[in-house]
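*Asks:* This is the structure I want to talk about, given as C-alpha coordinates.
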Amino acid sequence: MEREFLFLKPNTVRRGLIGEVISRLERRGIKIIALKMIWVTKEQAEELYQEHKGKSFYNDLIDFVLSGPVVVMILEGPRVIEMVRHIIGNTDPLKASPGSIRGEFGMSVTKNIVHASDSLESAKREMKIFFSENEILNYRLDVQHDL
Ligand code: PCG
(Lines give C-alpha, C1' and ligand atoms only; values in the text may rest on other atoms or scores of the structure.)
Protein backbone atom coordinates (compact mmCIF):
# COMPACT_ATOMS: atom_id res chain seq x y z
CA MET A 1 0.00 0.00 0.00
CA GLU A 2 1.39 3.41 -0.95
CA ARG A 3 0.89 6.82 0.64
CA GLU A 4 0.81 10.09 -1.28
CA PHE A 5 1.04 13.69 -0.04
CA LEU A 6 -1.14 16.23 -1.83
CA PHE A 7 -2.13 19.82 -1.21
CA LEU A 8 -4.66 22.16 -2.75
CA LYS A 9 -2.95 25.47 -3.50
CA PRO A 10 -4.26 28.84 -2.21
CA ASN A 11 -6.05 29.82 -5.42
CA THR A 12 -7.88 26.48 -5.41
CA VAL A 13 -9.26 27.34 -1.97
CA ARG A 14 -10.03 30.94 -3.05
CA ARG A 15 -11.84 29.72 -6.17
CA GLY A 16 -14.07 27.40 -4.16
CA LEU A 17 -12.70 24.25 -5.78
CA ILE A 18 -11.88 22.23 -2.64
CA GLY A 19 -14.92 19.95 -3.01
CA GLU A 20 -14.46 19.56 -6.78
CA VAL A 21 -10.87 18.34 -6.43
CA ILE A 22 -11.54 16.07 -3.45
CA SER A 23 -14.59 14.55 -5.10
CA ARG A 24 -12.54 13.64 -8.20
CA LEU A 25 -10.07 11.78 -5.98
CA GLU A 26 -12.84 10.04 -4.03
CA ARG A 27 -14.66 9.01 -7.21
CA ARG A 28 -11.52 7.14 -8.29
CA GLY A 29 -11.68 5.17 -5.03
CA ILE A 30 -8.77 7.01 -3.43
CA LYS A 31 -8.77 6.92 0.38
CA ILE A 32 -8.00 10.06 2.41
CA ILE A 33 -6.22 9.17 5.65
CA ALA A 34 -5.31 12.70 6.83
CA LEU A 35 -6.70 16.12 5.91
CA LYS A 36 -6.58 19.69 7.25
CA MET A 37 -6.80 23.33 6.17
CA ILE A 38 -3.77 25.40 7.17
CA TRP A 39 -1.87 28.57 6.46
CA VAL A 40 1.58 27.27 5.44
CA THR A 41 4.59 28.84 7.22
CA LYS A 42 7.61 30.19 5.31
CA GLU A 43 9.73 27.39 6.81
CA GLN A 44 7.31 24.71 5.63
CA ALA A 45 7.11 26.23 2.11
CA GLU A 46 10.89 26.42 1.81
CA GLU A 47 11.30 22.84 3.01
CA LEU A 48 8.63 21.59 0.63
CA TYR A 49 10.14 23.30 -2.39
CA GLN A 50 13.84 22.94 -1.43
CA GLU A 51 14.71 21.29 -4.77
CA HIS A 52 13.59 24.45 -6.62
CA LYS A 53 15.68 26.90 -4.55
CA GLY A 54 17.66 29.19 -6.86
CA LYS A 55 15.38 28.65 -9.88
CA SER A 56 13.84 31.69 -11.57
CA PHE A 57 10.32 30.88 -10.37
CA TYR A 58 11.25 29.98 -6.77
CA ASN A 59 10.40 33.29 -5.05
CA ASP A 60 7.06 33.61 -6.85
CA LEU A 61 6.23 30.02 -5.97
CA ILE A 62 6.95 30.58 -2.25
CA ASP A 63 5.00 33.88 -2.21
CA PHE A 64 2.07 32.19 -3.92
CA VAL A 65 1.96 29.23 -1.52
CA LEU A 66 1.99 31.69 1.42
CA SER A 67 -0.76 33.88 -0.07
CA GLY A 68 -3.69 32.09 1.59
CA PRO A 69 -4.88 28.91 3.27
CA VAL A 70 -4.27 25.54 1.63
CA VAL A 71 -5.69 22.07 2.19
CA VAL A 72 -3.11 19.38 2.91
CA MET A 73 -3.85 15.68 2.80
CA ILE A 74 -2.41 12.20 2.77
CA LEU A 75 -3.91 9.60 0.46
CA GLU A 76 -3.50 5.85 0.58
CA GLY A 77 -3.99 3.05 -1.90
CA PRO A 78 -2.26 0.63 -4.25
CA ARG A 79 -0.14 2.62 -6.78
CA VAL A 80 -1.77 5.79 -5.41
CA ILE A 81 1.15 8.03 -6.47
CA GLU A 82 0.85 7.02 -10.11
CA MET A 83 -2.96 7.22 -9.93
CA VAL A 84 -2.99 10.72 -8.41
CA ARG A 85 -0.43 12.08 -10.87
CA HIS A 86 -2.54 10.71 -13.71
CA ILE A 87 -5.72 12.32 -12.34
CA ILE A 88 -4.09 15.74 -11.77
CA GLY A 89 -2.22 15.87 -15.10
CA ASN A 90 0.95 17.62 -16.30
CA THR A 91 2.53 20.38 -14.14
CA ASP A 92 1.85 22.87 -16.94
CA PRO A 93 -1.96 23.19 -17.35
CA LEU A 94 -1.44 23.86 -21.07
CA LYS A 95 0.10 20.40 -21.45
CA ALA A 96 -2.29 18.62 -19.08
CA SER A 97 -4.99 16.50 -20.74
CA PRO A 98 -8.39 18.24 -20.80
CA GLY A 99 -10.04 15.72 -18.45
CA SER A 100 -7.39 16.08 -15.77
CA ILE A 101 -7.70 18.41 -12.75
CA ARG A 102 -4.98 20.76 -13.98
CA GLY A 103 -6.23 20.44 -17.56
CA GLU A 104 -9.66 21.66 -16.48
CA PHE A 105 -8.91 24.18 -13.75
CA GLY A 106 -5.22 25.15 -13.95
CA MET A 107 -4.44 28.74 -14.95
CA SER A 108 -0.61 28.72 -15.09
CA VAL A 109 2.37 26.59 -14.06
CA THR A 110 2.35 28.31 -10.65
CA LYS A 111 -1.45 28.39 -10.26
CA ASN A 112 -1.75 24.74 -11.19
CA ILE A 113 -4.36 23.82 -8.54
CA VAL A 114 -2.56 21.06 -6.65
CA HIS A 115 0.84 19.78 -5.64
CA ALA A 116 1.38 16.03 -5.36
CA SER A 117 4.59 14.22 -4.42
CA ASP A 118 6.30 12.58 -7.38
CA SER A 119 7.76 9.48 -5.65
CA LEU A 120 7.48 7.32 -2.52
CA GLU A 121 10.56 9.04 -1.07
CA SER A 122 9.31 12.59 -1.67
CA ALA A 123 5.83 11.65 -0.36
CA LYS A 124 7.39 10.37 2.87
CA ARG A 125 9.50 13.52 3.24
CA GLU A 126 6.74 15.98 2.32
CA MET A 127 3.98 14.52 4.51
CA LYS A 128 6.27 14.84 7.55
CA ILE A 129 6.53 18.61 6.98
CA PHE A 130 2.77 18.98 7.59
CA PHE A 131 1.54 15.99 9.59
CA SER A 132 2.48 14.16 12.77
CA GLU A 133 1.92 10.37 12.98
CA ASN A 134 -1.15 10.76 15.24
CA GLU A 135 -2.96 12.81 12.57
CA ILE A 136 -2.91 9.86 10.15
CA LEU A 137 -6.08 7.80 10.57
CA ASN A 138 -6.54 4.09 10.16
CA TYR A 139 -10.01 3.06 8.94
CA ARG A 140 -11.73 1.03 6.20
CA LEU A 141 -13.65 2.50 3.29
CA ASP A 142 -17.31 1.43 3.35
CA VAL A 143 -17.87 -0.06 -0.09
CA GLN A 144 -20.50 -2.68 0.76
CA HIS A 145 -24.27 -2.17 1.05
CA ASP A 146 -25.94 -3.23 4.31
CA LEU A 147 -28.83 -5.68 3.95
P1 PCG B 1 4.17 21.62 -7.92
O2 PCG B 1 3.65 22.36 -6.74
O3 PCG B 1 3.58 20.32 -8.28
O4 PCG B 1 5.75 21.40 -7.72
C5 PCG B 1 6.69 22.41 -7.92
C6 PCG B 1 6.07 23.63 -8.49
O7 PCG B 1 6.97 24.54 -9.07
C8 PCG B 1 5.16 23.23 -9.64
O9 PCG B 1 4.03 22.60 -9.18
C10 PCG B 1 4.91 24.56 -10.31
O11 PCG B 1 3.89 25.30 -9.66
C12 PCG B 1 6.27 25.23 -10.07
N13 PCG B 1 7.08 25.17 -11.29
C14 PCG B 1 7.80 24.14 -11.78
N15 PCG B 1 8.42 24.49 -12.92
C16 PCG B 1 8.08 25.79 -13.15
C17 PCG B 1 8.40 26.71 -14.17
O18 PCG B 1 9.13 26.41 -15.12
N19 PCG B 1 7.85 27.96 -14.06
C20 PCG B 1 7.05 28.32 -13.03
N21 PCG B 1 6.53 29.55 -12.97
N22 PCG B 1 6.72 27.46 -12.05
C23 PCG B 1 7.23 26.21 -12.11
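*Asks:* Suppose only helical runs count, i.e. DSSP H with n ≥ 4. What mean residue ellipticity at 222 nm does that imply for the chain under -39500 (n - 2.57) per run, divided by all residues and rounded to the nearest 500 deg cm²/dmol?
*Replies:* The helix contribution divided over the chain gives -10000 deg cm²/dmol.
*Asks:* A further question on this structure: Using a Cα-Cα cut-off of under 26 Å, which lysines could be cross-linked to Lys42, ignoring same-chain neighbours fewer than 8 residues away?
*Replies:* In chain and number order, the partners are Lys9, Lys53, Lys55, Lys111, Lys124, Lys128.
*Asks:* Using a 1.4 angstrom probe on heavy atoms only, work out the carbon and sulfur share of the accessible area of the stretch 2-136 in %.
*Replies:* Ligands and nucleic acids excluded, carbon and sulfur give 51 percent.
*Asks:* Order Arg140, Arg3, Arg27 by their accessible area, 1.4 angstrom probe, all chains in place, largest first.
*Replies:* Arg140, Arg27, Arg3
*Asks:* Full extension from Arg14 to Met1: what is 0.36 nm times the residue separation minus their Cα-Cα distance, to one decimal in nm?
*Replies:* Full-extension gain reported as 1.4 nm.
*Asks:* Please work out whether the stretch 2-136 counts as rounded, prolate or oblate from its C-alpha gyration tensor, where a ≥ b ≥ c are the square roots of the eigenvalues and a/c under 1.5 means rounded, while otherwise a/b larger than b/c means prolate and anything else oblate?
*Replies:* rounded
The values are calculated or read from the model by the stated rules, or taken from the named source; none is laboratory data. Worth saying up front: this structure is predicted, and the values here are computed from it rather than measured. For accessibility, only protein heavy atoms count, side chains too; no ligands or nucleic acids. Shrake-Rupley method; radii C 1.70, N 1.55, O 1.52, S 1.80 Å.
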